[in-house]
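**Q** Input: one structure, supplied below.
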Amino acid sequence: MKSKVTVKEWVGTKMVYALLLVFYYWMWARQDWHDYYNQIQQGVILFTILFFAMRAGRLYRYGKQAKDELAIQNLRRVDAIGLKILVAAVIIIAFASAVTFIDGRMAGYALVGTVLALTVIRYILFCVVNGKAS
């Protein structure tokens, strides 16, 4: 990839990180075992290694480029909205756990699912806000 690294690409990459978090939590928290789980685990680990290797090169290139200040400012606005969404979701999960609607393992799934949903919402909001600013 010889193109410039954009803030939009940087925000979109966070969705892959969140998806990897969901897969790794599933590998740690599951309570059953099937033979094909081993292939899934090996595929996720291989993808993680390759993905981080590719991202390291892009990160190095991003550090040398001039920053898009307007996009970074829009990202901060979106992050403020995302923080409010995350706080509301964590409060709901905490109360559901406190009154024993969900157990610890399901609370973990709810938390990693919230992180994944929040990264998707963050990307969509950033595209909308940054598109209006341009």
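**Q** Yes or no: Phe101 surrounded by 15 or more Cβ atoms within 10 Å (Cβ to Cβ) and either aromatic (Phe, Trp, Tyr) or over 26 Å from Phe23 (Cβ atoms) (or both)? Talk me through it step by step, then tell me what you get.
**A** Working: surrounded by 15 or more Cβ atoms within 10 Å (Cβ to Cβ): no; either aromatic (Phe, Trp, Tyr) or over 26 Å from Phe23 (Cβ atoms) (or both): yes.
When the stated conditions are applied, Phe101 does not pass them.
**Q** Pairs needed: first member in segment 95-121, more than 17 Å from Thr13 (Cβ to Cβ); second member anywhere, in a helix (DSSP H, G or I) and open to solvent by 60 Å² or more (accessible area, probe 1.4 Å); C-beta distance under 7 Å; at least 6 residues apart or different chains.
**A** Val112/Leu21
**Q** Hey, could you check segment 1-36 for residues that are open to solvent by less than 60 Å² (accessible area, probe 1.4 Å) and assigned to a loop (DSSP other than H, G, I, E, B) and say which is nearest to Thr114 (Cα to Cα)?
**A** The selected residue is Arg30.
**Q** Right, here's the next one. Examine segment 108-126 for a residue that is assigned to a helix (DSSP H, G or I), surrounded by 13 or more Cβ atoms within 10 Å (Cβ to Cβ) and modelled with pLDDT under 90, and state whether such a residue exists. Even if it seems obvious, please write down each step before you answer.
**A** Step one: list which residues in segment 108-126 are assigned to a helix (DSSP H, G or I), which gives 108-126.
Okay, now just the ones that are also surrounded by 13 or more Cβ atoms within 10 Å (Cβ to Cβ), so 108-123, 125-126.
If we keep only those that are modelled with pLDDT under 90 as well, we get none.
No - not one qualifying residue is present in segment 108-126.
**Q** Scan segment 63-82 for residues that are assigned to a helix (DSSP H, G or I) and over 21 Å from Leu19 (Cβ atoms) and report the count.
**A** Step one: list which residues in segment 63-82 are assigned to a helix (DSSP H, G or I), which gives 63-64, 69-82.
In the following step, the residues that additionally are over 21 Å from Leu19 (Cβ atoms) were identified as 63-64, 69-74, 76-77, 80-81.
Of the residues in segment 63-82, 12 are assigned to a helix (DSSP H, G or I) and over 21 Å from Leu19 (Cβ atoms).
**Q** Under 8 Å between Cβ atoms, which residue pairs at least 6 apart in sequence (or on different chains) link something in segment 7-23 that is farther than 12 Å from Arg55 by Cα and free of Cβ contacts under 8 Å to residues at least 40 places away in the same chain with a partner that is assigned to a helix (DSSP H, G or I) and open to solvent by less than 50 Å² (accessible area, probe 1.4 Å)?
**A** Within 8 Å, the pairs are Leu20/Val44; Leu20/Thr48; Leu20/Phe51; Phe23/Val44.
**Q** Does Ala66 satisfy being among the small types (Gly, Ala, Ser) and over 15 Å from Thr13 (Cα atoms)? Working first, answer last.
**A** Values: among the small types (Gly, Ala, Ser): yes; over 15 Å from Thr13 (Cα atoms): yes.
In short, yes.
The values are calculated or read from the model by the stated rules, or taken from the named source; none is laboratory data. What you see is a predicted model, and the numbers here were worked out from it, not measured in a lab. All Cβ positions, even for glycine, are placed from backbone atoms using ideal geometry, and neighbour counts span all protein chains on display. When the accessible area is computed, the model is the full protein with side chains, heavy atoms only, and any ligands, DNA or RNA have been set aside. Shrake-Rupley method; radii C 1.70, N 1.55, O 1.52, S 1.80 Å.
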